[in-house]
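Q: Have a look at this one before I ask anything.
The values are calculated or read from the model by the stated rules, or taken from the named source; none is laboratory data. The shown structure was predicted, so the numbers you read here are calculated from the model rather than taken from an experiment. Please note: Cβ atoms are built from the backbone with ideal geometry, for glycine as well, and neighbour counts cover all protein chains shown.
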Amino acid sequence: MKRERESLLRPPAFAYRWKGVRGRAPELPIEELYCERVALEQLAEQRGTPLYVYSAAMIRARLSAFGSAFRAIPHTLCYSVKANSTLAILRLVAGEGAGFDVVSGGELQRVLRVRRKSANKVVFSGVGKTAAEMELALRAGILLFNIESSSELQLLAATATRLKKRAAVAVRVNPDVSAKTHPYISTGLHQHKFGVPIPEAQALYAQAAKEPCLNVAGVSVHIGSQITDVATFREALARMVGLVRVLRVQGHDIRYIDAGGGLGISYEGTQQNFERQIAAYARAVLGPLRGMKLHLLLEPGRSIVGAAGVLLTRVLYRKTNHRKRFLIVDAAMNDLMRPSLYGAYHEIVPVSRASKETEITDVVGPICETGDFFARDRKLSLAKEGDLLAILDVGAYGAVLGSNYNTRGRAAEVLVDGAKAKVIRRRESVEDQLRMESRLS
Ligand SMILES: *Cc1c(COP(=O)(O)O)cnc(C)c1O
């Protein structure tokens with residue numbers, strides 16, 4: 001009975017629930033959007049808008065789906081911190097037994113703050129690691145450094161020698177495969193700054209093997225983000241396995257293969273069944289690894305947290321220029337940059353659904369930039385001033401890309417777990433923003 005009255009928007013986290021009947025005529029059912037057992041309208045009233053809301057159940061479900069899909073071989077899930085680095089999210093992920101992929105010393109410090117013991121499940125990626133960042137990671141005792149150039153390898157060797165530490169290394173290879181994704185988040189072609197071409201990687205392994213403080217441990221690849229064609233992963237992994245064979249013949253003890261992250265989510269329409277999608281991804285990754293006796297590292301970010309978050313925003317004004325309609329909302333590009341930065345599409349839905357009437361409209365923020373938009377010429381349910389909207393699938397690369405442009409404080413973030421809703425980052429005040437600046441005498 002209850003099932004019939006719930007329409008699942010992003011299972012298992014976001015669903016509409018039937019609430020009541022408005023007036024007598026016309027008798028329209030009012031549906032209300034929930035995150036797990038928390039009504040979002042009420043949450044927005046309590047905590048204000050714009051407000052990021054995440055579902056713990058969805059994050060747990062996705063982590064566990066990864067675990068089952070890859071259970072056939074030894075593996076470690078290293079959640080990509082940059083997708084969503086709020087401490088409470090990291091704590092949730094660590095609690096499920098996952099490790100982390102970090103791309104800066106700051107991200108590593110977040111992980112250490114959450115759980116010191118997780119250090120031995122941390123992979124450090126990135127093209128521009130500084131000596132100070134390497135030192136932090138060496139002292140913490142991380143699992144693996146992904147090295148991207150000969151100069152970086154030299155600096156790591158020097159830093160490890162100075163600290164009398166030993167560093168496990170993999171070379172991040174650029175496999176020269178084309179991922180069909182946005183050019184800003186494709187990373188696996190020779191024209192990109194990332195990784196080392198396969199022929200050059202061999203020289204780096206030879207260089208690393210000569211350094212007593214370096215331990216050649218693996219190979220690594222990450223071809224980009226928001227990749228939905230799993231064949232691309234299979235091709236990249238097949239090339240990596242070819243390299244592992246050559247390296248082993250050369251005497252390197254390759255135990256780890258880091259397959260990176262990058263699995264996409266569907267931002268439009270109904271979500272693909274995640275279990276089915278993760279199974280297809282696992283087949284693509286595991287196929288080339290068969291019989292290789294490698295420990296697999298995975299660095300998913302978006303596929304874990306992307307669909308687990310919404311951004312709640314209120315309609316401030318309705319406005320019509322000539323015949324073009326605008327909904328001006330209280331969230332802006334400083335809260336969610338993906339539409340401006342990548343032209344990303346995010347579904348926008350009303351939190352209370354009372355009417356079937358629709359309109360074609362732009363949804364824009366208050367910032368003084370034409371690029372400050374969330375949707376253009378979008379067919380949406382008719383919304384009044386004061387209505388609450390939910391921008392979907394913003395759990396990854398949402399809050400983390402927030403800024404203070406226009407001296408707007410960053411939005412608050414809430415983590416929902418069942419019937420509990422906890423503020424995990426409070427709203428930033430003007431005082432918070434001014435604290436770093438010198439006063440005029
Ligand atoms: C960004 C990044 C990831 C995560 O990518 P998703 O698309 O969020 O899964 C994993 N590994 C590295 C090295 C990255 O830079």
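Q: Among what's in the range 150-178 and is modelled with pLDDT of 95 or more and assigned to a loop (DSSP other than H, G, I, E, B), pick the residue that is surrounded by the fewest Cβ atoms within 10 Å (Cβ to Cβ).
A: Ranking the candidates gives LYS164 first.
Q: I would also like to ask the following. Just checking: which of the strands (runs of 3 or more DSSP E) contained wholly in the range 17-89 hold 2 or more residues that are modelled with pLDDT of 95 or more, under 27 Å from ARG276 (Cβ atoms) and away from the ligand (no atom under 16 Å from the Cβ)?
A: 28-35, 51-55
Q: Name the residues in the range 217-239 that are away from the ligand (no atom under 14 Å from the Cβ) and within 14 Å of VAL171 (Cβ to Cβ), would you?
A: Result: ALA217, ARG239.
Q: Here is a further query. Looking at the range 234-256, can you tell me whether even one residue there is assigned to a loop (DSSP other than H, G, I, E, B), farther than 29 Å from ALA208 by Cβ and either acidic (Asp, Glu) or free of Cβ contacts under 8 Å to residues at least 60 places away in the same chain (or both)?
A: No, that holds for no residue.
Q: Sticking with this one: Any idea which of (1) in a loop (DSSP other than H, G, I, E, B); (2) in contact with a strand residue (DSSP E or B) (Cβ under 9 Å, 6 or more places away or on another chain); (3) farther than 28 Å from GLN46 by Cα; (4) in contact (Cβ under 8 Å) with a residue 60 or more places away in the chain is the one LEU297 doesn't satisfy?
A: So the condition that LEU297 fails would be (1).
Q: Just need a number here: residues in the range 240-287 that are at pLDDT below 95 and basic (Lys, Arg).
A: Result for the range 240-287: 1.
Q: Here is a list: GLY264, GLY301, GLY306. Which entry is crowded, with 20+ Cβ neighbours inside 10 Å and touching an Asp or Glu at 6+ places or on another chain (Cβ under 6 Å)?
A: GLY306
Q: With the requirement that a residue be more than 19 Å from ARG62 (Cα to Cα), away from the ligand (no atom under 16 Å from the Cβ) and in a helix (DSSP H, G or I), what does the range 90-134 give you?
A: Passing the criteria: GLN109, LEU112, ARG113, VAL114, ARG116, LYS117, SER118, ALA119, ASN120, ALA131, ALA132, MET134.
Q: Here are some residues: TYR317, TYR342. Which one is outside the structural domain of LEU247 (by TED's automatic domain parsing) and within 16 Å of the ligand (Cβ to nearest atom)?
A: Of the residues listed, the single one that is outside the structural domain of LEU247 (by TED's automatic domain parsing) and within 16 Å of the ligand (Cβ to nearest atom) is TYR342.
Q: Take LYS129 and tell me if it is more than 22 Å from the chain's Cα centre (by Cα) and over 29 Å from LEU289 (Cα atoms).
A: Criteria not met by LYS129.
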